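Trainee: There's a structure below that I have some questions on.
The values are calculated or read from the model by the stated rules, or taken from the named source; none is laboratory data. Small disclaimer: the values here were computed from a predicted structure and weren't measured. Cβ placement follows ideal geometry from the backbone for every residue including glycine, while neighbour counts extend to all protein chains displayed.
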Amino acid sequence: MATLSADVLQDDMAVTLARVMAAANKRARELGVDALQSFITITQQVDDGLFWRVNYGPRDYMNRRGGDLMIDVDGDDMKIRQVLRGQ
């Protein structure tokens, strides 16, 4: 495991995204989604406060619809705001 340098740990955006991913991955695991087998995208949202939407989709997404898991994580306290499943 690599040790992060002080300048990386002082990058607020990098640390925030790491915390967002940790919170979202924990909930995804609880819901039976394997993050390592997912195509993951993260979108910053500013609607009723700052939050991050972490989307877990299939890696083989061509000609495939639905089935994604979307987890909204609050940007301030890292609490899960909402969990959505695509159909």
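Trainee: Taking the condition at pLDDT 95 or above, basic (Lys, Arg) and in contact with a strand residue (DSSP E or B) (Cβ under 7 Å, 6 or more places away or on another chain), does Arg53 pass?
Mentor: yes
Trainee: If I ask for residues that are in contact with a strand residue (DSSP E or B) (Cβ under 8 Å, 6 or more places away or on another chain), part of a strand (DSSP E or B), among the hydrophobic types (A, V, I, L, M, F, W, C) and exposed (fewer than 13 other Cβ atoms within 10 Å of the Cβ), which ones from region 24-49 would you list?
Mentor: Phe39
Results for (1) over 19 Å from Lys79 (Cα atoms); (2) touching a residue at least 12 places away in the same chain (Cβ under 8 Å), shown as yes or no for each residue.
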residue	(1), (2)
Ala6	yes, no
Met13	no, no
Lys26	no, no
Asp47	no, no
Pro58	yes, yes
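Trainee: Report every pair of residues separated by at least 6 positions or lying on different chains whose Cβ atoms are under 6 Å apart, first residue within region 71-83 and outside any loop (DSSP other than H, G, I, E, B), second surrounded by 14 or more Cβ atoms within 10 Å (Cβ to Cβ) and among the basic types (Lys, Arg).
Mentor: Pairs that qualify, where the first residue is outside any loop (DSSP other than H, G, I, E, B) and the partner is surrounded by 14 or more Cβ atoms within 10 Å (Cβ to Cβ) and among the basic types (Lys, Arg), are Ile71/Arg27; Asp72/Arg53; Asp72/Arg81; Asp74/Arg81; Ile80/Arg27.
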